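Where a number appears in this text, it was derived from the coordinates with a stated rule and is not lab data. Note that the structure is predicted; figures quoted are calculated from it, not measured. Note: ideal-geometry Cβ built from the backbone for every residue, glycine included; neighbour counts use all protein chains shown.
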Amino acid sequence: MKPLRRAALLTAALVLLACLSGCSKEPTAKDLMGGIPQTDPEKFYDFDIAMDMTMSIDGQDTTMTLSGRAEGRGALMHLYDLDMSVGASGLNLAITMEMWMNMAEDVMYARMTLLGQDSGWLRIAGGLADAGFSFSDLTNAAGGIGELDLDAVDLVLEPHEKGSDYVVTWTGDGAALEEMTGMVNGFSGLEGDGADEMDIRSASMAACFDEKTHALKSVRIESEMDESGTAAAVSVTVTYHEMNGDKELAIPQEVAESALDADGLL
């Protein structure tokens with residue numbers, strides 16, 4: 001009887017272990033999307049952005065690529081390691097930039113390198129709101145996704161392999177698409193040039209989540225828009241490093257003290 005009893009106990013233990021290991025079941029697309037926290041613009045944020053855009057205006061093609069990093073808190077934003085390339089009519093222009101913006105004081109400090117020439121720090125006062133930058137568009141991309149009506153969107157959890165991130169995809173528009181479109185407008189200069197009236201012909205989005213923590217890691221949107229002879233294909237990827245953090249941020253004293261007043265020049 002003892003061997004049988006021992007075998008029964010061993011079998012029960014194996015069944016229990018199997019049940020426990022099965023408790024960490026695969027999340028659904030809705031589980032992952034529903035776990036995205038709302039972003040607080042008064043908290044610290046840090047993300048990378050990469051954008052590719054092709055625009056055709058009456059048959060004339062223009063391409064633009066941009067990559068860089070953004071951090072900020074409240075009214076303050078710091079954009080750095082920005083590399084922009086614009087091509088048109090066989091010509092290509094490359095620019096590197098760094099910017100500090102204080103929306104509360106409506107002032108920006110900018111430094112750029114163009115054709116090998118370093119501008120040094122320039123101070124531009126006023127006009128930030130008219131320049132097309134919207135802090136809500138830039139910081140609320142994740143929040144916009146969190147506001148999607150998950151029951152009204154056809155979410156797809158892509159096939160997942162152990163050791164890789166979870167990826168949720170969907171098509172159409174919605175709150176997140178509006179946020180991301182605004183962000184594209186702000187970075188690309190489309191804002192104020194009829195971009196708000198451009199029709200979105202197609203759009204697809206993908207959200208990438210950490211396999212273990214299920215935290216949102218990145219968002220990618222690809223869209224095609226057109227309006228009155230102007231067509232644009234835009235791809236944007238935002239990779240999040242930190243959201244709702246506690247880090248303090250301030251414009252470096254040496255930047256403010258060394259900046260030349262450029263009011264009226266840019």
Surrounding charge for Thr113, neighbours by C-beta under 14 angstrom, Lys/Arg +1, Asp/Glu -1, total -3
Reachable lysines, given that their alpha-carbon falls under 30 Å from the alpha-carbon of Lys43 and they are not under 8 places away in the same chain:
Lys30, Lys212, Lys217, Lys247
